[in-house]
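Novice: If you scroll down you'll find the structure; I have some questions about it.
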Amino acid sequence: MIAAMGTNRVIGKDNDLPWHLPDDFKYFQKTTKGHHVLMGRKNWESLPHKFKPLPERTNLIITRQADYKAEGATIIQSIQEGKRLAKDANETELFIIGGGEIYRIGLESADRIYLTEIDSDFDGDITFPQFLSEEWKETSRVHHPRDSKHAYAFDYVVYDKK
């Protein structure tokens, strides 16, 4: 899983991000490049047209709509189906990239979380799910200070399932 969240766990508002952090966007691109990315339909629809499909990635969209079409992406009905497709393609790391409901469903089967923890609360309507600290171990943390391009300080944190 890969996500960014505020200290109050907010990850989105009105189908958009409530912050602009260019270096976190670059981190997302670098980390997921060359991999399968799995997202919900609403998350796909929230992407700017110029980023559809996310370039240099295999885009998987999970939806209950049997006739849903998304040019350049593969439509799936479950996270398990996405995992099967990724495994069949010899994928080394399948990324669940949101939104909120997909994170909640995917948390149980995830073994790593790349989480950008932003040092601020945000007004929003979508949150990242709680996960139990006794089930996860922080294996990496890199701080990014607030600067002229970033209104908030944040940390890139990696959690691995114990």
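The values are calculated or read from the model by the stated rules, or taken from the named source; none is laboratory data. Here the structure is a predicted model, which is why all the values come from computation and not from measurement. Here Cβ is always computed from backbone atoms with ideal geometry, including for glycine, and neighbour counts include all displayed protein chains. Surface areas here come from the heavy atoms of the whole protein model, side chains and all, with no ligands, DNA or RNA. Shrake-Rupley method; radii C 1.70, N 1.55, O 1.52, S 1.80 Å.
Residue-wise test of (1) open to solvent by 40 Å² or more (accessible area, probe 1.4 Å); (2) among the hydroxyl-bearing types (Ser, Thr, Tyr).
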| site | (1), (2) |
| --- | --- |
| Asp67 | yes, no |
| Ile76 | no, no |
| Leu94 | yes, no |
| Ala110 | no, no |
| Leu115 | no, no |
| Gly124 | no, no |
| Gln130 | yes, no |
| Ser140 | yes, yes |
| His143 | yes, no |
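Novice: Residues that are of a type in the set (S, T, N, Q) and either closer than 21 Å to Val158 by Cβ or out of contact with any helix residue (DSSP H, G or I) (no Cβ under 6 Å at 6 or more places or on another chain) (or both), at least 1 per element: which strands (runs of 3 or more DSSP E) completely within the range 1-101 meet that?
Specialist: Result: 58-62, 73-76.
Novice: Taking the range 6-16, which residues are surrounded by 19 or more Cβ atoms within 10 Å (Cβ to Cβ) and either without any contact (Cβ under 8 Å) to a residue 60 or more places away in the chain or polar (S, T, N, Q) (or both)? Quick ask: steps written out before the conclusion?
Specialist: Filtering the range 6-16 for residues surrounded by 19 or more Cβ atoms within 10 Å (Cβ to Cβ) gives 6, 10-12.
Those that are surrounded by 19 or more Cβ atoms within 10 Å (Cβ to Cβ) and either without any contact (Cβ under 8 Å) to a residue 60 or more places away in the chain or polar (S, T, N, Q) (or both): none in the range 6-16.
Novice: Residue pairs, Cβ under 9 Å, 6 or more apart or interchain, first in the range 51-77 and free of Cβ contacts under 8 Å to residues at least 12 places away in the same chain and more than 20 Å from Gly100 (Cα to Cα), second open to solvent by less than 20 Å² (accessible area, probe 1.4 Å) and of a type in the set (Val, Ile, Thr). List them.
Specialist: none
Novice: Here's a follow-up. Report, by residue number, each residue of the range 74-94 that is touching a strand residue (DSSP E or B) at 6+ places or on another chain (Cβ under 6 Å) and hydroxyl-bearing (Ser, Thr, Tyr).
Specialist: Once the filter is applied, which keeps residues that are touching a strand residue (DSSP E or B) at 6+ places or on another chain (Cβ under 6 Å) and hydroxyl-bearing (Ser, Thr, Tyr), the range 74-94 yields only Thr74.
Novice: Output the number of residues of the range 48-57 satisfying the condition of being modelled with pLDDT of 95 or more and open to solvent by less than 60 Å² (accessible area, probe 1.4 Å).
Specialist: So the answer is 3.
Novice: Give the residues of the range 145-162 that are surrounded by 17 or more Cβ atoms within 10 Å (Cβ to Cβ) and more than 19 Å from the chain's Cα centre (by Cα), sorted by residue number.
Specialist: Those that are surrounded by 17 or more Cβ atoms within 10 Å (Cβ to Cβ) and more than 19 Å from the chain's Cα centre (by Cα): His150, Tyr152.
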